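Read through the structure below, which is laid out as structure tokens, and then see the notes.
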Amino acid sequence: MAAQFCMKCGQPLPPGGQFCMGCGTPVASLPPAPNAGQVSPAPPPPPPPPPSGPPLTQVLGLEGGRNFLLQHQLTGAGRSYRVLNAAKQPLFTVKENFGQEMRSNFMGGVFGQQGPTFGLGSVGMNRRTFAWTVHDAGGALRGNITFQVSGYHALSTLTDAGGAPLLMVSVDRGLVGGLTATAASPDGRPLFQAHGNLLHHNFSILDPGGRELAKIHEAWASVRDTYSLDLVANVDPLGPLIFAILIDREKEAK
């Protein structure tokens, strides 16, 4: 057995002794010495900040809703997604910062200032980071969605206006159009999944066990690129709505 030493004065401790023979410090009051060659474990990362203010579901007027319309719009400022309730009343909008995205694509793709990454077995797919914004029906900023894109993989994080993370979504695009999407809570707990041919607006959002939570399908609406999200289980509608928007965003990405 390795010798133990007094952590106060450094003198060797006698086997079974109750006091240090050098300084008299009780052995029981001394902190245990680390084993030689062992590295102390790193402290756990700090927990994410709690949501600030009322839940975003409540702020955006989603409580109690089960049927929604999603409108994909393309303007000079970039893409946006408008969410309406079953009565076609606007609830919130997710907006692209087209200028920021172009700068990110240009700087990351041409100059590679964020360094090369690896994707699908090839080199040279640079990681790009940019953000969209979430606004309520009155236009007030209520949240942000930050993207980290590397090749055919995108990792997105939804935060409220105070920066507290609410949802993390990972989407992988296949070479022939297939998509695999998963969502997790900030603590890593899996929430949703969708996979297969998601190029059309007809697919299901499932829980980690494969149970259907929501349906996405084409809507009979006069506005082009409008589709429906219908909840079929008791789930907070904010998660499936953002999940569906990020899937659509990624399938439109080039």
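Nothing in this text is a laboratory measurement; each read-out follows from the coordinates by a stated rule. What you see is a predicted model; the values in this text were computed from it and never measured. Cβ coordinates were reconstructed from backbone atoms using ideal geometry, including for glycine residues, and neighbour counts include every protein chain displayed.
All other residues with a Cβ under 13 Å from the Cβ of ASN67 taken together, and with Lys, Arg as +1 and Asp, Glu as -1, what is their net charge?
So the environment of ASN67 carries a net charge of +2.
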Give me TYR81, TYR152 ranked fewest to most by other Cβ atoms within 10 Å of their Cβ, as a rough exposure proxy. TYR152, TYR81
